[in-house]
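Below is one structure, written out as structure tokens; the observations come after it.
The values are calculated or read from the model by the stated rules, or taken from the named source; none is laboratory data. It should be emphasised that the depicted structure is a prediction, and the values quoted were computed from it without experimental measurement. All Cβ positions, glycine included, derive from the backbone under ideal geometry; neighbour counts span all protein chains shown. Areas reflect the complete protein model, heavy atoms only, side chains present, ligands, DNA and RNA absent. Shrake-Rupley method; radii C 1.70, N 1.55, O 1.52, S 1.80 Å.
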Amino acid sequence: MKKFEKLTSSVVPLPIENVDTDQIIPARFLKATTREGFGDNLFRDWRYDSDGQPKADFVMNNPTYSGKILVAGKNFGCGSSREHAAWAIQDYGFDVVISSFFADIFKGNALNNAVLPITVPDEFLEKIFNTTFANPDAELTVNLEAQTVTINATGDSFIFEINPYKKSCLINGYDDIDYILSHTAEIEEFERTRPFSFYR
Amino acid sequence: MGKTLVEKIWDAHVVKRQEGFPDILYIDTHLIHEVTSPQAFDGLRKRGIPVFRPNQTVATADHNVPTLNQHLPIQEELSRYQVDMLTKNCKEFGIELYGLGHPYQGIVHVIGPELGITQPGKTMVCGDSHTSTHGAFGAIAFGIGTSQVEQVFATQCLLQQKPKTMKIEVNGELAKGVGAKDIVLYIISKTTAAGGTGYFVEFAGSAIRSLSMEGRMTVCNMSIEMGARGGLIAPDQTTFDYVHGREFAPKGEDWDKALAYWETLYSDEDAQFDAVLEFDAADIQPMITYGTNPGMGIGISEVIPATVDQPESERPSYRKALDYMGFQDNETLLGHPVDYVFIGSCTNSRIEDLRAVASFVQGKKKAAHVEVWIVPGSKQVEAQAKEEGIDKIFEEAGFMLREPGCSACLGMNEDKIPAGKYCVSTSNRNFEGRQGPNARTMLASPLTAAAAAVSGKIVDVRELLAEYDVVKDNA
């Protein structure tokens, strides 16, 4: 997995609540059997009309906004467990998603793909949106080691939470399978000694 | 201090607990399907490792299969390739597959329970958020992403933080025409689509206890729609009776041992939940959604809440949802014309759902302008429906009984609702474009959907029931 340490970037603001994974990547694009190429269809139906023409009013089609940080309203990534949503976000070029609230499965999927989900308070999210709308080039700095996200223009900073294990995975580029496989003997011992074993 | 049911099952599956790390949680059963597994199989190939416990893994093809002419090769090339890939992968890695043409094929969350694979006390996962369905049996069951599918393939374990626990009690008696689907849509309308995030929910109370296993599955199925990791219900005689005798259920002495264990699976009297919610069954009427997330639901006799009554920061999203649906503040949905009715999905495609619909529509006809699709949850449900003559009732009513699959719930195959059309759907999600680009979904129970099919518009099924005096069902 790709390593993540520090990032300074302008942001793409998406001030919409309850962005579900069907919006991030509609089901009809889930027929691929590899992980690549989903970025082309990220937010497909918000980004393009039925003829495949870009919709001018969608933020990703607005050249004013660009960057490696996506900032969205609360409950981002709700709905389907499709990891294709995290793949699409990563493939498009986002390394960080900031929201005031993430759905559980999406958060786990993002972390497993070196996309850092950062949960911030509503007021801090509001500050990011306001700063970006006032100056689309305004940058944020994300420092994973220090667990900080900073609005460079104002100096406002927030210390975010992340599980220490997942943090070290991101910094070192490790994945969960390496870790669990190192405990295979304990898994086999668990199977041998459990008091009740299940069928099928 | 006593333990909650979630804690009992969770703790019995912890292989390793280490400070600063998530638990290594043992997974008893891994269900897979064609859409979220190919990249995980690829990962195994890249690492050069096998599936650790292939006999604890079961596969079916459901998301991407056509629901007509399943005996013919799949027409759509990418879908055919994905389904073929599942067959190839299962063969290579030694996994049992109930694919197209197999008498056990069906929606993954329908076949697990009906085959007796789903059992109390198990940990079960699947690369599908509606895995929570299996919690109806008192199992810890939840959806995972493809990287985690690969983890379970490789190790039969998952790294997981122990979730917080929430108890939702629904007490009292349900009114006629009100069932499991209405209970869960009502709960989500109160908690919002994010209200359960971070929690595992135990559903309890007399109204939940009164439900059949099918009804309980409907409730647990939609726990993800309030954001919960999963939902479950303590097993009881209803559960044991359902599991007993099924294909993969324990038999003979094994059954006695299993039963003795299962009878210990309940939350202790003094167990502490992180949150508790209580609802009165008498407050629940047939529910319908008006927006673009499952939390946007109202009782059928209520009006759409006004935008000004929403928190200020949420008004733009709320307005966007109503615009998408073509609805206004304070509008009633009663009398609103309907174009499509979809009865199916892992939420409501079991034999009990089909029976409820059949008992309601017997001797009636669908409204001329409405297209009605009934998609059974599995080949076994389809066969049972035919055995009971339910297929004839549907045929006479003008309802089309199709073949099993996820179908128009997510519109991944050809079964899409056209742009701008209104569909009353027994599925679980009303997200924008979920049933097809620009399709407009209204979620409801099988009975409310059947009533819409017959009337051609949204109606209060309680009034029709009073008129026709149809026997109340739990669907």
Next item on the list: Would you mind telling me which numbered condition in (1) out of contact with any Leu (no Cβ under 9 Å at 6 or more places or on another chain); (2) buried (at least 24 other Cβ atoms within 10 Å of the Cβ); (3) of a type in the set (A, V, I, L, M) B:LEU115 fails?
Entry: (2)
Notebook entry, point to check: Which members of the range B:34-51 meet the condition of being crowded, with 16+ Cβ neighbours inside 10 Å and either at positive phi or within 11 Å of chain A (Cβ to nearest Cβ) (or both)?
Noted result: B:GLU34, B:VAL35, B:THR36, B:SER37, B:PRO38, B:GLN39, B:ALA40, B:PHE41, B:ASP42, B:GLY43, B:LEU44
Next item on the list: Might you let me know whether the range B:6-26 holds any residue that is more than 12 Å from every other protein chain (Cβ to nearest Cβ) and open to solvent by less than 10 Å² (accessible area, probe 1.4 Å)?
Entry: yes
Notebook entry, point to check: Quick one: how many residues across the range A:6-53 are in contact with a strand residue (DSSP E or B) (Cβ under 7 Å, 6 or more places away or on another chain), among the charged types (D, E, K, R) and more than 11 Å from every other protein chain (Cβ to nearest Cβ)?
Noted result: 2
Notebook entry, point to check: Can you tell me which residue in the range A:176-198 is nearest to B:LYS8 (Cα to Cα), limited to those that are facing another protein chain (nearest Cβ under 8 Å) and under 28 Å from the mean Cα position of the chain (by Cα)?
Noted result: A:ILE180
Item checked: Scope the range B:418-451; condition under 12 Å from B:TYR340 (Cα atoms), in contact with a His (Cβ under 9 Å, 6 or more places away or on another chain) and open to solvent by less than 10 Å² (accessible area, probe 1.4 Å); matching residues -> B:MET442
Note to self: With assigned to a loop (DSSP other than H, G, I, E, B), within 13 Å of chain B (Cβ to nearest Cβ) and touching a helix residue (DSSP H, G or I) at 6+ places or on another chain (Cβ under 6 Å) as the only criterion, which of A:ASN113, A:ASN109 stands out?
What the structure shows: A:ASN113
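Condition check ((1) farther than 25 Å from A:VAL19 by Cα; (2) modelled with pLDDT of 95 or more) across all residues:
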| position | (1), (2) |
| --- | --- |
| B:THR426 | no, yes |
| B:PRO437 | no, yes |
| B:ILE458 | yes, yes |
| B:TYR468 | yes, no |
Item checked: Test: B:GLY121 is buried (at least 24 other Cβ atoms within 10 Å of the Cβ) and over 19 Å from A:ARG82 (Cα atoms) -> no
Checklist line | the range B:289-316, subset surrounded by fewer than 20 Cβ atoms within 10 Å (Cβ to Cβ) and within 14 Å of chain A (Cβ to nearest Cβ), residue farthest from A:ASN75 (Cα to Cα) | finding: B:THR307
Next item on the list: Go through the range B:370-390 and give me each residue that's surrounded by fewer than 18 Cβ atoms within 10 Å (Cβ to Cβ) and either closer than 21 Å to A:PHE29 by Cβ or of a type in the set (A, V, I, L, M, F, W, C) (or both).
Entry: B:ALA383
Check: Identify, please: which residue in the range B:76-92 is under 23 Å from B:ASN55 (Cβ atoms) and more than 9 Å from chain A (Cβ to nearest Cβ) and is, among those, most open to solvent (accessible area, probe 1.4 Å)?
Finding: B:LYS91
Next item on the list: Look at the range B:155-192 and say how many of its residues are in a helix (DSSP H, G or I), in contact with a Gly (Cβ under 8 Å, 6 or more places away or on another chain) and within 13 Å of chain A (Cβ to nearest Cβ).
Entry: 2
Item checked: The listed residue being away from every other protein chain (no Cβ under 12 Å) and in contact with a strand residue (DSSP E or B) (Cβ under 6 Å, 6 or more places away or on another chain), out of A:THR154, A:THR132 -> A:THR132
Next item on the list: Considering each residue of the range A:134-180, count those that are at pLDDT 95 or above, among the charged types (D, E, K, R) and assigned to a loop (DSSP other than H, G, I, E, B), and give that number.
Entry: 4
Next item on the list: Specify the residue that is nearest to the chain's Cα centre (by Cα); the eligible residues are those in the range B:337-373 that are assigned to a strand (DSSP E or B) and closer than 14 Å to B:SER445 by Cα.
Entry: B:ILE343
Notebook entry, point to check: Considering the range B:391-416 alone, what residues qualify as being more than 14 Å from chain A (Cβ to nearest Cβ) and either buried (at least 24 other Cβ atoms within 10 Å of the Cβ) or more than 22 Å from B:LYS365 (Cβ to Cβ) (or both)?
Noted result: B:PHE399, B:GLU403, B:PRO404
Check: Does B:LYS3 satisfy the condition of being more than 9 Å from every other protein chain (Cβ to nearest Cβ), without any contact (Cβ under 8 Å) to a residue 60 or more places away in the chain and open to solvent by 50 Å² or more (accessible area, probe 1.4 Å)?
Finding: no
